[in-house]
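Report on the structure given below.
Bear in mind that the values in this text are calculations on the coordinates, not laboratory data. Source: prediction; values computed, not measured. All Cβ positions, glycine included, derive from the backbone under ideal geometry; neighbour counts span all protein chains shown.
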Amino acid sequence: MANHKSAEKRIRRNASRATINHARLGRIRTFVKKVEAAIASGDSAAAQAAFQTAVPELHRGVTRGVLHKNTASRKISRLSARVKALGA
């Protein structure tokens, strides 16, 4: 239980930020799933297009502080390798 006015405000703020961050993570996951679905379908052009839209979302997650920089880089690298393998 918060004893100070600033601590009460911090609790409210943390709750609202958690909601926003959860939505951002969900949005990123959706874009990644679209890439994975395109890869699973075997459509190289669709996979490339989905990948091109997913990369800025992952970078935006890093900028907003939702994802660690290395996590986003790892995900982008692995998706990129899978998209390239599909095209080859």
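For segment 28-87, with only Lys/Arg (+1) and Asp/Glu (-1) charged at the beta-carbon, what is the dipole magnitude about the Cα centre, in debye rounded to 20?
Here segment 28-87 has a charge dipole of around 260 debye.
Within the chain, what is the number of lysine pairs with alpha carbons under 23 Å apart, leaving out pairs fewer than eight places apart on the same chain?
8
With each label point set 7 Å from Cα along the Cα-Cβ vector, what nm distance links Lys69 and Ser41?
Result: 3.6 nm between the two label points.
Which one is right for this structure if Kirkwood radius over Cα pairs in Å is calculated from it: (1) 13.4; (2) 12.1; (3) 14.5?
The value matching this structure is (3).
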